[in-house]
1. Counting only residues that are modelled with pLDDT of 65 or more, give me the helices (runs of 4 or more DSSP H) lying completely in the chain with at least 2 of them.
2. Note down all Cβ pairs under 8 Å where the first residue falls in segment 16-27 and is surrounded by 12 or more Cβ atoms within 10 Å (Cβ to Cβ), the second is in a loop (DSSP other than H, G, I, E, B) and among the aromatic types (Phe, Trp, Tyr), and they're at least six residues apart or on different chains.
Amino acid sequence: MSMQENARLILGLRAKGWTDTEINDLVLWIETGNEKYNPEKEIISQKKGSTNHES
């Protein structure tokens with residue numbers, strides 16, 4: 001993933017209401033596969049239910 005793609009991912013997740021810690025943990029989990037950083041399904045489902053709905 002390029003730096004530009006990373007930046008777009010981070011900005012998109014921030015726009016959806018993710019905290020910087022949640023974003024960092026997601027990126028670390030993707031890159032390392034370490035379950036320590038695996039985002040909880042609860043967090044992801046909460047973020048999907050945010051007020052920023054796409055049409």
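The values are calculated or read from the model by the stated rules, or taken from the named source; none is laboratory data. Everything quoted here is computed from the prediction, not taken from an experiment. A quick note on method: Cβ atoms are made from the backbone with ideal geometry, for glycine too, and the neighbour counts reach across all protein chains shown.
1. Working: elements: 3-15, 20-32, 41-48.
Correct list: 3-15, 20-32.
2. Leu26/Trp18
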